[in-house]
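> First the structure, which I've put down as structure tokens, then a few questions once you've had a look.
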Amino acid sequence: MRSLSRLTVLAFLLFPGGLSAAPVEIGTRRELFVEDSLIESLSGGARLELHEPAPREIVLDHDAVWEGTGSGYHSVFRDGDKYRMYYKAWHIAVQDGKVNTGSHPLFCCYAESDDGITWRKPELGLVEFQGSKANNIVLAPEVIGSVKSDPGHPAVFKDENPACPPEARYKAIIRSEKPHGLLLFQSPDGLRWSLAHPGPIITEGAFDSQNLAFYDPNIDAYRAYWRTFTGGTTNGETWKPEGNRAIRTAVSKDLIHWESPYDLRYVDSPDEQLYTNGVKPYSRAPHLLIGFPARYIERGWSDSMRALPEPEAREDRAKASERYGTALTDGLFMASRDGVTFKRWNEAFLRPGPEREGTWHYGHQYLAWGAVETKGSIEGGPNELSFYATESYWTGKSSLLRRYSLRLDGFVSVAAPLSGGELVTKPVVFSGGELAINFASSAAGDVRVEIQDEVGKPFPGFTLADCPPLFGDAIERGVTWKGGGDVSPLAGKAVRLRFVLRDADLFSYHFREAK
């Protein structure tokens with residue numbers, strides 16, 4: 001065994017968890033456990049556990065004659081006291097081994113809600129379809145100068161850039177059929193749109209998915225995420241796909257000129273095929289970018305495949321292409337701090353669920369771009385996060401959109417059994433006067449917190465023995481010690497947090513201003 005230098009031995013003695021980088025300034029921001037860059041150690045029975053959202057009601061049936069079974073790629077966000085939704089309206093019919101997509105063009109449609117739960121399709125009177133403007137279409141295919149737009153691949157967002165002019169407050173990323181690429185549209189009200197730049201703003205990619213962009217206040221610039229292939233190349237205006245479906249990203253100051261792109265990197269994930277990406281800053285912790293990629297897998301024919309719902313429709317789709325009948329999709333979850341390297345959870349965030357009509361097929365569980373906060377499902381309980389995912393894609397007469405709900409910050413928890421477990425953070429520097437946690441315990445379980453210095457020594461008055469056990473189920477509960485909950489004497493210092501749990505889940509923590 002190679003001997004250790006005196007300096008190395010001293011480092012191990014002073015830093016039991018190993019040498020760490022400089023303390024991370026977290027201020028009063030909320031920290032989640034969706035990735036592990038601030039986690040020093042997990043011990044005992046403690047583990048990181050991914051949580052799955054609960055299915056709720058169907059919120060939209062894409063049954064209008066200008067919609068259909070191929071409707072999807074939803075964008076959802078809250079805009080003041082209103083929730084907005086944009087989506088692809090399309091119909092796919094498969095019969096006798098032939099795919100028919102020509103019943104009407106691909107449109108971008110609009111829906112809205114007062115609570116994120118009950119949605120309506122307003123008659124906007126903007127775009128004519130079959131002799132009438134009594135519909136909710138906001139964008140139709142058109143030739144503008146030298147480009148032809150494809151609004152059937154929309155990603156719509158409200159631009160939060162403080163420098164954004166009012167006439168461009170809403171933006172849409174739309175695929176260009178010719179030339180190959182992504183187009184930028186803008187709108188003053190989210191309903192009336194115009195081309196913001198005469199040609200494609202991004203040209204290297206596959207783009208047959210929901211390709212998106214948004215303003216990231218963390219870098220005072222825009223980020224884009226789009227579909228590509230790991231070995232795809234462009235030859236003139238023709239994209240040549242090779243390798244697996246993947247996600248690419250780039251940064252821009254103006255949404256027109258982009259820096260060199262990067263393919264997303266993952267901490268410990270297998271090489272899987274990913275269709276959508278759904279990346280956006282998390283509203284309660286905007287320094288964290290979270291994404292909901294759709295995982296695509298061709299499983300081929302087997303007894304299990306034939307036992308899945310709607311076998312006749314599945315076999316008919318397979319006559320056109322085997323993957324149409326035997327490919328399956330579900331929703332994943334991933335998170336990042338730099339926008340390029342993601343912790344992608346390998347287990348499904350949103351499984352296909354119980355077998356029933358309209359499920360367990362290609363296009364199922366594509367998650368909408370955007371999770372929004374809505375009223376809780378339990379009367380008197382706290383608000384929740386709402387997600388929206390497709391059902392009945394390619395089946396029946398229309399596709400459906402189902403809402404799912406999840407606890408605020410509830411993507412991943414530090415969980416421990418009754419026998420106990422603990423997590424210790426890497427050194428952080430905070431501001432504020434109180435520590436608050438989002439947690440849930442059993443009647444017998446609890447959480448206690450110790451605040452340590454940078455080398456792991458407890459601060460007097462903030463030891464584990466000084467912290468009365470916290471039990472209950474609260475989105476935000478202040479932590480106290482025998483001397484109270486005032487942690488302001490430690491603000492500005494490098495500290496470690498030691499969380500000790502018994503039959504409990506810890507979802508997030510942050511330091512807040514004293515009440």
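The values are calculated or read from the model by the stated rules, or taken from the named source; none is laboratory data. Fair warning: this is a prediction, and the values are worked out from it, not measured in the lab. Using ideal geometry, Cβ is built from the backbone for each residue, glycine included, and neighbour counts are taken over all protein chains shown.
> Quick one: in the stretch 20-45, which of the residues that are in a loop (DSSP other than H, G, I, E, B), farther than 18 Å from Ala436 by Cα and of a type in the set (S, T, N, Q) is farthest from the chain's Cα centre (by Cα)?
Checking each candidate, the answer is Ser20.
> Moving on to the next point. Could you please find all residues in the stretch 329-369 being closer than 21 Å to Arg403 by Cα and of a type in the set (Phe, Trp, Tyr)? Steps first, please.
Within the stretch 329-369, the first condition is being closer than 21 Å to Arg403 by Cα, and the residues that meet it are 329-334, 347-369.
Phe333, Phe349, Trp360, Tyr362, Tyr366, Trp369, listed by residue number.
> Further question: For the stretch 76-126, give me the residue count where each residue is part of a strand (DSSP E or B) and either of a type in the set (Asp, Glu) or under 20 Å from the mean Cα position of the chain (by Cα) (or both).
11
> Is it the case, given these coordinates, that Asn218 is in a loop (DSSP other than H, G, I, E, B), touching a Phe, Trp or Tyr at 6+ places or on another chain (Cβ under 9 Å) and at pLDDT 95 or above? Write out each step before concluding.
Numbers: in a loop (DSSP other than H, G, I, E, B): yes; touching a Phe, Trp or Tyr at 6+ places or on another chain (Cβ under 9 Å): no; at pLDDT 95 or above: yes.
When the stated conditions are applied, Asn218 does not pass them.
> State whether the residues of the stretch 225-246 include one that is over 17 Å from the mean Cα position of the chain (by Cα), of a type in the set (Phe, Trp, Tyr) and modelled with pLDDT of 80 or more. Break it down into steps so the answer makes sense when it comes.
Initially, the stretch 225-246 is screened for residues over 17 Å from the mean Cα position of the chain (by Cα), giving 228-245.
Next, from what is left, pick out any that are of a type in the set (Phe, Trp, Tyr): 229, 239.
In the following step, the residues that additionally are modelled with pLDDT of 80 or more were identified as 229.
Looking for residues that are over 17 Å from the mean Cα position of the chain (by Cα), of a type in the set (Phe, Trp, Tyr) and modelled with pLDDT of 80 or more, one finds at least one in the stretch 225-246, hence yes.
> Further question: What number of residues within the stretch 94-129 are within 24 Å of Ser176 (Cα to Cα), surrounded by fewer than 17 Cβ atoms within 10 Å (Cβ to Cβ) and either of a type in the set (D, E, K, R) or modelled with pLDDT of 95 or more (or both)?
Residues in the stretch 94-129 being within 24 Å of Ser176 (Cα to Cα), surrounded by fewer than 17 Cβ atoms within 10 Å (Cβ to Cβ) and either of a type in the set (D, E, K, R) or modelled with pLDDT of 95 or more (or both): 2 in total.
> Where residues in the stretch 427-445 are surrounded by fewer than 21 Cβ atoms within 10 Å (Cβ to Cβ), within 20 Å of Glu31 (Cα to Cα) and of a type outside the set (A, V, I, L, M, F, W, C), which of them is farthest from the chain's Cα centre (by Cα)?
Gly433
> Note down all Cβ pairs under 7 Å where the first residue falls in the stretch 67-90 and is under 20 Å from Asn211 (Cα atoms), the second is basic (Lys, Arg), and they're at least six residues apart or on different chains.
Cβ pairs passing all conditions: Ser71/Lys88; Gly72/Lys88; Tyr73/Lys88; Phe77/Arg84; Phe77/Lys158.
> Of a type in the set (Gly, Ala, Ser), at pLDDT 95 or above and farther than 26 Å from Val412 by Cβ - does that describe any residue in the stretch 289-301?
Yes: one or more hits.
> Let me ask another. Answer yes or no: is there a residue in the stretch 451-464 that is farther than 18 Å from Arg502 by Cα, out of contact with any Pro (no Cβ under 9 Å at 6 or more places or on another chain), exposed (fewer than 15 other Cβ atoms within 10 Å of the Cβ) and not aromatic (Phe, Trp, Tyr).
Yes, some residue in the stretch 451-464 is farther than 18 Å from Arg502 by Cα, out of contact with any Pro (no Cβ under 9 Å at 6 or more places or on another chain), exposed (fewer than 15 other Cβ atoms within 10 Å of the Cβ) and not aromatic (Phe, Trp, Tyr).
> While we're here: Take Met334 and decide whether it is outside any strand (DSSP E or B) and either in the same structural domain as Val94 (by TED's automatic domain parsing) or in contact with a Leu (Cβ under 7 Å, 6 or more places away or on another chain) (or both).
Answer is no for this residue.
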